[in-house]
Amino acid sequence: MIRLFVGLALPAAIGVPLAALGAGLPGARWVERRNLHVTLRFVGDVDETVGHELHQSLAAVRAPAFDLALEGFGTFGSRSPNALWAGVERAPGLMHLQAKVESAAVRAGLEPERRRYQPHVTLARLKDTPIARLQAFIAAHSPYRAGPFPVEGFVLFRSHLGRGGAEYEAVAEYGLG
């Protein structure tokens with residue numbers, strides 16, 4: 001079994017400043033700079049045959065390149081936040097690409113995603129982070145905006161889970177244009 005997802009890698013000009021935020025928040029486990037990304041479709045654990053079918057289906061995706069910007073911070077988990085994220089604008093090009101990737105995943109035999117797509121960059125996983133400290137962190141770094149930056153391709157990533165968290169490996173890259 002392999003663990004896969006489809007996403008957008010962030011350029012260094014965007015990722016480096018985001019990674020530099022990683023301090024001063026108790027209970028936060030920050031995502032390493034090299035692992036920052038925008039998820040287009042989480043796949044999960046699949047056998048290698050399904051992974052190959054997904055690769056073939058993604059290779060057939062045709063979509064134009066587009067510009068994207070990040071804006072604002074938020075959290076997942078309303079009562080007990082478990083993740084801190086940077087928001088990603090819902091640019092028409094992003095939404096078009098995400099729909100194409102979702103269609104490719106279904107053509108490859110995956111179940112359709114039932115959750116509404118919420119583009120974001122996960123910055124940190126949270127455990128027992130005091131809500132007041134989290135709110136103060138978000139307020140201290142607001143308003144936040146980065147970009148726009150060009151998106152000229154997307155990536156099929158493999159996730160390797162380990163003691164220190166996940167490491168992501170680019171399995172295949174697909175151009176836009």
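The values are calculated or read from the model by the stated rules, or taken from the named source; none is laboratory data. Note that the structure is predicted; figures quoted are calculated from it, not measured. Quick reminder, even Gly has a Cβ in these numbers, built from the backbone with ideal geometry, and neighbours come from all protein chains shown.
Within the bounds of segment 72-82, is there any residue that is touching a Gly at 6+ places or on another chain (Cβ under 8 Å), surrounded by 12 or more Cβ atoms within 10 Å (Cβ to Cβ) and not aromatic (Phe, Trp, Tyr)?
Yes, because at least one residue in segment 72-82 is touching a Gly at 6+ places or on another chain (Cβ under 8 Å), surrounded by 12 or more Cβ atoms within 10 Å (Cβ to Cβ) and not aromatic (Phe, Trp, Tyr).
Among the residues of segment 11-27, is there at least one that is under 30 Å from residue 111 (Cα atoms) and of a type outside the set (S, T, N, Q)?
No; the residues of segment 11-27 include none that is under 30 Å from residue 111 (Cα atoms) and of a type outside the set (S, T, N, Q).
Can you give me the number of residues within segment 134-151 that are out of contact with any Asp or Glu (no Cβ under 9 Å at 6 or more places or on another chain) and either surrounded by fewer than 15 Cβ atoms within 10 Å (Cβ to Cβ) or closer than 30 Å to residue 2 by Cβ (or both)?
Counting residues in segment 134-151 that are out of contact with any Asp or Glu (no Cβ under 9 Å at 6 or more places or on another chain) and either surrounded by fewer than 15 Cβ atoms within 10 Å (Cβ to Cβ) or closer than 30 Å to residue 2 by Cβ (or both) gives 6.
Cβ contacts < 6 Å: first residue more than 22 Å from residue 44 (Cβ to Cβ), restricted to segment 1-15; second residue of a type in the set (Lys, Arg) and surrounded by fewer than 16 Cβ atoms within 10 Å (Cβ to Cβ), any location; separation 6+ or different chain. Result?
15/33
Could you list, in sequence order, the residues of segment 24-41 that are of a type outside the set (Lys, Arg), within 20 Å of residue 70 (Cα to Cα) and either modelled with pLDDT under 90 or assigned to a strand (DSSP E or B) (or both)?
So in segment 24-41, the residues of a type outside the set (Lys, Arg) come out as 24-28, 30-32, 35-40.
Among the residues that remain, those that are also within 20 Å of residue 70 (Cα to Cα) are: 30-32, 35-40.
Listed by number, the residues that qualify are 30, 37, 38, 39, 40.
I'd like to know if segment 117-130 contains one or more residues that are farther than 30 Å from residue 57 by Cα, free of Cβ contacts under 8 Å to residues at least 60 places away in the same chain and more than 14 Å from the chain's Cα centre (by Cα).
No, that holds for no residue.
Using beta carbons and a limit of 8 Å, which pairs, at least six apart or on different chains, have the first residue in segment 165-177 and more than 24 Å from residue 67 (Cα to Cα) and the second one aromatic (Phe, Trp, Tyr) and not in a strand (DSSP E or B)?
Filtered contacts from segment 165-177: no entries.
Answer with yes or no whether residue 154 is under 30 Å from residue 63 (Cα atoms), in contact (Cβ under 8 Å) with a residue 12 or more places away in the chain, touching a Leu at 6+ places or on another chain (Cβ under 6 Å) and surrounded by 14 or more Cβ atoms within 10 Å (Cβ to Cβ).
Numbers: under 30 Å from residue 63 (Cα atoms): yes; in contact (Cβ under 8 Å) with a residue 12 or more places away in the chain: yes; touching a Leu at 6+ places or on another chain (Cβ under 6 Å): yes; surrounded by 14 or more Cβ atoms within 10 Å (Cβ to Cβ): yes.
Here the answer is yes, as residue 154 does meet what is asked.
Test each condition in (1) more than 29 Å from residue 29 (Cβ to Cβ); (2) outside any helix (DSSP H, G or I) for residue 100 and report the one that comes out false.
(2)
When you scan segment 90-99, do you find a residue that is free of Cβ contacts under 8 Å to residues at least 40 places away in the same chain, surrounded by 15 or more Cβ atoms within 10 Å (Cβ to Cβ) and either over 28 Å from residue 2 (Cα atoms) or not aliphatic (A, V, I, L, M) (or both), even just one?
Yes, segment 90-99 has at least one match.
Across segment 144-177, what is the number of residues that are part of a strand (DSSP E or B) and closer than 18 Å to residue 55 by Cβ?
Qualifying residue count, segment 144-177: 16.
Which is of a type in the set (Asp, Glu), under 16 Å from the mean Cα position of the chain (by Cα) and more than 30 Å from residue 26 (Cα to Cα), of 169, 113, 89?
It is 113.
Please identify the pairs in which a residue from segment 55-78 that is assigned to a loop (DSSP other than H, G, I, E, B) has its Cβ atom under 6 Å from the Cβ atom of a residue that is of a type in the set (Lys, Arg) and modelled with pLDDT of 95 or more, counting only partners at least 6 apart or on another chain.
61/100; 63/100
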